[in-house]
Amino acid sequence: MKIENIKKEFPIFDEKIQNNDLVYLDSANSSQKPKVVADRINEFYTKQFSNVGRSVHYLAVAATNLYENTRSSVQKYINAKDKNEIVFTKGATEALNLVANILGQNYLNEGDEILITELEHHSNYVPWHFLRKSKNIKINFAEMNEDGEVTLEEIEKKITPKTKVIAITHLSNVTGAILPIKEITDLAHSKGILVVIDGCQGAPHLKLNMQDLDCDFYAISCHKMYGPTGLGVLYGKKKWLEELPPYQGGGGMISEVKKDSISYGELPNKYEAGTMATAQVIAFDESIKFMENIGIENIMKHEADLVEYGQELLQKNNSVKLIGSPKNKGGVLSFTLKGVHPHDIATILDEDGVAIRAGHHCCQILHDKLNIPASARASVGIYNTKDDLDKLNDSINNCKKIFNLK
Amino acid sequence: MNLKELYQEIILEHGKNPRNLGKTDDFNKDAKGNNPLCGDNVHVYLKLNGQKIVEDISFEGSGCAISMASASIMTDLIKGKNENEAKEIVEDFLQMIKENPELKSEYLQDDEKTKLMCLSGVKQYPMRVKCATLSWHTLVSAFENKKEEVKTEN
Ligand SMILES: Cc1ncc(COP(=O)(O)O)c(C=O)c1O
């Protein structure tokens, strides 16, 4: 599959959105879905549906196999050592809550410290914040520098003898900074610290290799990977998933239930209580195949070209101020426009069919640091083209005209 | 009116040159409002006389063009009205932004209605309705002299 004409694999681009061709620059929020993924959901519901894991009839067994196939595909895609290191969740948010919860139950002690960064999405801060209350855990913040990065040196500076966990984003959803997670993991492990990575923005855009990276946990959001909503993946080292206690209780995750004792199931069931997002898991296999067909190297090259092009365009545009200029940058272009509120920018761009996001992007700590309430953000995916970025720039110019900016 | 026209109109009219911006010298009632989603915030100051007539009204704040223009237009309209009239106008405005096709209040002149109808363009953007209504909710709160901030999130 050639990336140049990938747009036609996504039916939404055949639609007129309020009479406009869609210029979709909000993939960091959620990506559009290729036809194969949407079709797979429909096919499963109309031709193959059954719940998984519980019954012995034909459809149940077939559905269970399909469900487990996706687990194997994810394992291969991220090069995890063991299939049981892949846990399905309802999203990256649940994956991060799961990790914080089980570490809180049985790993962290009062007075321990967790190191996060000022770049973190609320999903990688609030779950740890719960432990402040319940366990008297302290949270430290590694600071973002002027380029919108968090460096290895900064992490090293903020590690104390009490640091037990480092929880960091792979790629900032605001500045686009790609963090040196391999180096950070090596450093952390040399000091006996666990590493949890929020890979929401990493997984759709970067090559992943869990065995090489060696982090302890890695959270993935499937709806940002051209996959269904309501689904996330938690990668966790087998050792931890075996040792740590379950997160939610219910059907599917138990081994034996008596009035006075309960034993829990083996991996991966232990962390998948209740009826899971079956159709979504099965359809996610198509997302992975789709990305594999294009090739992650091609995706990375395509998106790097786009970011470079977009960055240059916006840098040349007076009045536009880009947020962060990290040396290693993913496909996120956040900006402000002098004197114009980001929500006004987004609303005006929308009239031209240019879909971006405005707000704090669930990163209030970062925006407070920059002393702004919000920013506008254009983010790219595999289907975007330089033409989309030209339209973004044209539409920003329309906005400037309305506000009498030069 | 489409959104571009709306922006053109309100920016030229009120965004560049907001009415009643600042803090009324001898206000006797006030309230604050905040829209955490956008970071819009507004502080409304009222001077009510013995007959409960709004002798003076002003606002301070920062935020998007829609929230600032809405506050500017509101303060212009409310000055000189009594408390009951003002509250009825607020209710009329909120109904219009939500669902009513037009404004009904007998306390509004035709030209005032036209000005307010400029803001009806936000109807199609539920996220932006909160920007347009923030100062109006805050005005009601100021009449009550409420101490806690109005939040548009609920
Ligand atoms: C960096 C980051 N972390 C976490 C999340 C939450 O992911 P999910 O929507 O899968 O819960 C997002 C998505 O908004 C994100 O961008």
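The values are calculated or read from the model by the stated rules, or taken from the named source; none is laboratory data. Bear in mind the structure is a predicted one, so any value in this text is a computation, not a measurement. A quick note on method: Cβ atoms are made from the backbone with ideal geometry, for glycine too, and the neighbour counts reach across all protein chains shown. These accessible areas exclude ligands, DNA and RNA; they are computed on the full protein's heavy atoms, side chains included. Shrake-Rupley method; radii C 1.70, N 1.55, O 1.52, S 1.80 Å.
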> When the residues of segment A:226-251 are filtered to those that are surrounded by fewer than 24 Cβ atoms within 10 Å (Cβ to Cβ) and within 13 Å of the ligand (Cβ to nearest atom), which remaining residue is farthest from residue A:30 (Cα to Cα)?
Replying inline: A:230
>> Out of the residues in segment A:129-170 meeting the condition of being closer than 19 Å to residue A:189 by Cα and among the charged types (D, E, K, R), tell me which one is least open to solvent (accessible area, probe 1.4 Å).
In response: A:154
> Applying the selection to segment A:2-19, what residues are under 15 Å from residue A:385 (Cβ atoms) and not in a helix (DSSP H, G or I)?
Replying inline: A:2, A:10
>> away from the ligand (no atom under 16 Å from the Cβ), touching a helix residue (DSSP H, G or I) at 6+ places or on another chain (Cβ under 8 Å) and in a helix (DSSP H, G or I): is that true of residue A:64 in this structure?
In response: no
>> Looking only at segment B:43-89, filter to residues that are part of a loop (DSSP other than H, G, I, E, B) and crowded, with 21+ Cβ neighbours inside 10 Å; which one of those is farthest from the other protein chains (Cβ to nearest Cβ)?
In response: B:63
> Here are some residues: A:348, A:382, A:396. Which one is within 24 Å of the chain's Cα centre (by Cα), crowded, with 21+ Cβ neighbours inside 10 Å and assigned by TED's automatic domain parsing to the domain that holds residue A:11?
Replying inline: A:382
> So which strands (runs of 3 or more DSSP E) are wholly in segment A:258-368 and hold at least 3 residues that are within 14 Å of chain B (Cβ to nearest Cβ)?
Replying inline: A:357-359
> What is the one condition in (1) part of a helix (DSSP H, G or I); (2) surrounded by 16 or more Cβ atoms within 10 Å (Cβ to Cβ) that residue A:39 does not satisfy?
Replying inline: (2)
> Just for segment A:184-225: of the residues that are touching a helix residue (DSSP H, G or I) at 6+ places or on another chain (Cβ under 9 Å), of a type in the set (Asp, Glu) and not in a strand (DSSP E or B), which one is least open to solvent (accessible area, probe 1.4 Å)?
Replying inline: A:216
> If you go through segment A:355-369, how many residues are in contact with an Asp or Glu (Cβ under 8 Å, 6 or more places away or on another chain) and either open to solvent by 20 Å² or more (accessible area, probe 1.4 Å) or away from the ligand (no atom under 14 Å from the Cβ) (or both)?
Replying inline: 5
> What is the residue count in segment B:120-151 for residues that are within 13 Å of another protein chain (Cβ to nearest Cβ) and in contact with a helix residue (DSSP H, G or I) (Cβ under 9 Å, 6 or more places away or on another chain)?
Replying inline: 12
> Just a yes or no: is a residue in segment A:178-196 touching a Phe, Trp or Tyr at 6+ places or on another chain (Cβ under 6 Å) and either free of Cβ contacts under 8 Å to residues at least 12 places away in the same chain or more than 10 Å from the ligand (Cβ to nearest atom) (or both)?
Replying inline: yes
> Is there any pair linking a residue in segment A:95-116 that is free of Cβ contacts under 8 Å to residues at least 60 places away in the same chain and under 10 Å from residue A:135 (Cβ atoms) to one that is small (Gly, Ala, Ser) and surrounded by fewer than 19 Cβ atoms within 10 Å (Cβ to Cβ), with Cβ under 9 Å and at least six apart or on different chains, and which?
Replying inline: A:104/A:134
> In this structure, is residue B:97 modelled with pLDDT under 95, of a type in the set (A, V, I, L, M, F, W, C) and open to solvent by less than 10 Å² (accessible area, probe 1.4 Å)?
Replying inline: yes
> Under 7 Å by Cβ, and 6 or more places apart or on different chains, what pairs join a residue from segment A:292-305 that is over 19 Å from residue A:177 (Cβ atoms) with one that is of a type in the set (Lys, Arg)?
Replying inline: A:296/A:207
> Considering only residues of segment A:93-105 that are in contact with a helix residue (DSSP H, G or I) (Cβ under 8 Å, 6 or more places away or on another chain) and open to solvent by 10 Å² or more (accessible area, probe 1.4 Å), which is farthest from residue A:233 (Cα to Cα)?
Replying inline: A:101
> Going by the conditions given, is residue A:271 buried (at least 18 other Cβ atoms within 10 Å of the Cβ), more than 12 Å from the ligand (Cβ to nearest atom) and of a type in the set (Ser, Thr, Tyr)?
Replying inline: yes
> Name the helices (runs of 4 or more DSSP H) wholly within segment A:75-163 that hold at least 3 residues that are within 14 Å of the ligand (Cβ to nearest atom)?
Replying inline: A:92-106, A:126-135
